[in-house]
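Worksheet for the structure shown next.
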Amino acid sequence: MRSADAISRLTGSVILGIGLFVGLAVGFYGKAIWFQNEPPLAHLLLALGGTPLFFYAYYRASWDAVRGSLGRCARPISLFTCGAMAIALAVLLGGYWVNLSIPFAGLISLSLTAKLAVPLNTALLTLCSAVLLAEGAALEEVASLAMGGTGVVFLYFSVGALGAAYRNVLDTCARVTSSAVLEERTRFARDLHDIFGHSLSVITLKSELAVRLLSNEQPERARSEVESVSDLSRRSISDIREVVRGYQMTTVAGEIEGLRAALETAGVRVTVSDTSRRTLPRHVQEAFAWMLREASTNILQHSAAENCTLTLWSDECRAWLRVTNDGARRESHGGGNGLAGLEERMGAVGGKLSCGFGPEDTYCVETAVPLYLSEARSA
């Protein structure tokens with residue numbers, strides 16, 4: 001992610017800037033005094049070779065630390081090299097060289113867990129303090145080193161923790177966005193299946209009926225069926241536009257009439273019993289409309305039904321819808337996408353779906369949906 005890379009670069013720049021400022025400031029100042037004392041050639045070579053190596057290892061280790069997880073050392077060799085140079089320069093050269101241990105102590109707090117960082121930093125600052133005391137430094141200098149090192153440790157840890165927290169927020173946002181996209185794709189695929197599964201089944205049925213009527217020289221009836229196919233195709237186009245927009249202004253009454261027309265065309269007698277005597281909320285109407293579509297598709301495709309009964313009723317809290325048909329074929333009722341998608345729809349509004357075979361080759365689909373969304377969310 002670009003944002004995560006940006007915060008890693010920002011955090012890394014802050015830490016590198018702090019380290020370079022501390023290291024260069026005390027290092028160059030110390031060298032100016034140190035060179036006045038005409039150091040041995042071995043010490044001079046150690047300073048000239050060890051200082052660039054220290055800063056290079058510091059750069060690699062700090063960059064790895066800010067790009068990874070807080071407390072996790074991605075490349076131990078860089079951290080080890082940086083520590084080795086800091087300790088060697090502090091112990092062998094002494095004086096102001098011990099100040100190179102301050103940025104290294106901060107780097108330890110970034111790269112290692114607190115369980116390891118605390119004792120290591122304590123040992124490091126104690127060692128550097130001992131070097132200063134052995135050279136006869138004043139207690140004020142030793143206390144300044146200890147306090148400065150402790151402050152840098154907390155500063156490094158705070159900057160690293162802030163960067164890690166921000167990256168976690170960005171990662172969480174990315175996961176939420178990905179989940180929302182996946183959920184929307186699933187919803188869209190389910191809507192397409194439910195709408196076109198129903199519409200295409202009815203179009204196929206009416207088209208076959210029109211062909212048979214033409215064969216039997218009944219052009220007027222055939223023309224009527226073709227016109228109904230045209231109307232249904234226009235309705236399907238409207239439905240798919242509603243799916244794309246995310247709206248489905250469906251009503252139970254409209255879907256019952258659509259189911260009645262489709263089934264009666266196939267020779268199925270439809271009986272409707274509505275005792276709810278109330279205007280159902282929108283979420284209930286949409287849920288029942290999807291169920292009626294799926295039920296009508298299953299009756300046309302998976303049964304040789306002659307009768308279908310729709311029963312709708314409600315109380316003060318819930319509404320029920322039951323669709324029962326005869327002529328069910330057990331071998332045709334598998335666990336398809338339609339009923340699975342319908343169960344998801346019912347669950348989204350706190351409803352429950354049940355279906356199964358009854359006596360005398362009947363098949364029943366029933367759902368119960370809460371009338372109030374507050375109850376639906378708590379269900």
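Total residues in region 147-159 satisfying the condition of being closer than 16 Å to residue 108 by Cα and exposed (fewer than 15 other Cβ atoms within 10 Å of the Cβ): the figure is 3. For region 301-308, the condition of being within 25 Å of residue 190 (Cα to Cα), part of a helix (DSSP H, G or I), at pLDDT below 85 and under 41 Å from the mean Cα position of the chain (by Cα) holds for at least one residue.
Checked across region 161-177, the condition of being touching a helix residue (DSSP H, G or I) at 6+ places or on another chain (Cβ under 8 Å), in the same structural domain as residue 42 (by TED's automatic domain parsing) and farther than 23 Å from residue 60 by Cβ holds for at least one residue. Among the residues of region 106-123, those identified as free of Cβ contacts under 8 Å to residues at least 40 places away in the same chain and among the polar types (S, T, N, Q) are 121, 122. Residues in region 273-285 that are surrounded by fewer than 21 Cβ atoms within 10 Å (Cβ to Cβ), not polar (S, T, N, Q) and not in a loop (DSSP other than H, G, I, E, B): 274, 282, 283. Within region 142-155, does at least one residue satisfy the condition of being outside the structural domain of residue 298 (by TED's automatic domain parsing), in a helix (DSSP H, G or I) and touching a Pro at 6+ places or on another chain (Cβ under 8 Å)? Yes, region 142-155 has at least one match. So which residues in region 324-379 are at pLDDT below 85, surrounded by 12 or more Cβ atoms within 10 Å (Cβ to Cβ), more than 26 Å from the chain's Cα centre (by Cα) and assigned to a loop (DSSP other than H, G, I, E, B)? Selection gives 329, 333, 336, 372.
Quick one: is residue 123 at pLDDT 80 or above and either more than 28 Å from residue 171 (Cα to Cα) or of a type outside the set (A, V, I, L, M, F, W, C) (or both)? So residue 123 fits the description; yes.
Just one of 110, 132, 162 is surrounded by 12 or more Cβ atoms within 10 Å (Cβ to Cβ), under 20 Å from residue 54 (Cβ atoms), among the hydrophobic types (A, V, I, L, M, F, W, C) and under 41 Å from the mean Cα position of the chain (by Cα); which is it?
110
Listed here are the residues, each with its yes/no results for (1) at pLDDT 75 or above; (2) in contact with a Lys or Arg (Cβ under 8 Å, 6 or more places away or on another chain); (3) under 22 Å from residue 51 (Cβ atoms).
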| position | (1), (2), (3) |
| --- | --- |
| 101 | yes, no, yes |
| 116 | yes, no, no |
| 136 | yes, no, no |
| 140 | yes, no, no |
| 166 | no, no, no |
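Between 177, 126, the distinction of being among the hydroxyl-bearing types (Ser, Thr, Tyr) and either more than 30 Å from residue 341 (Cα to Cα) or touching a residue at least 12 places away in the same chain (Cβ under 8 Å) (or both) belongs to 126 only.
Against the list (1) in contact with a helix residue (DSSP H, G or I) (Cβ under 6 Å, 6 or more places away or on another chain); (2) of a type in the set (Phe, Trp, Tyr); (3) closer than 28 Å to residue 338 by Cα, the condition residue 196 fails is (1).
Whether a residue is under 15 Å from the mean Cα position of the chain (by Cα), surrounded by 15 or more Cβ atoms within 10 Å (Cβ to Cβ) and either part of a helix (DSSP H, G or I) or touching a residue at least 12 places away in the same chain (Cβ under 8 Å) (or both) was assessed, and residue 185 does not pass this test.
The values are calculated or read from the model by the stated rules, or taken from the named source; none is laboratory data. Treat the numbers as computed from the prediction; the structure is a model and nothing was measured. Cβ sites come from the backbone with ideal geometry, for glycine too, and all protein chains shown count toward neighbours.
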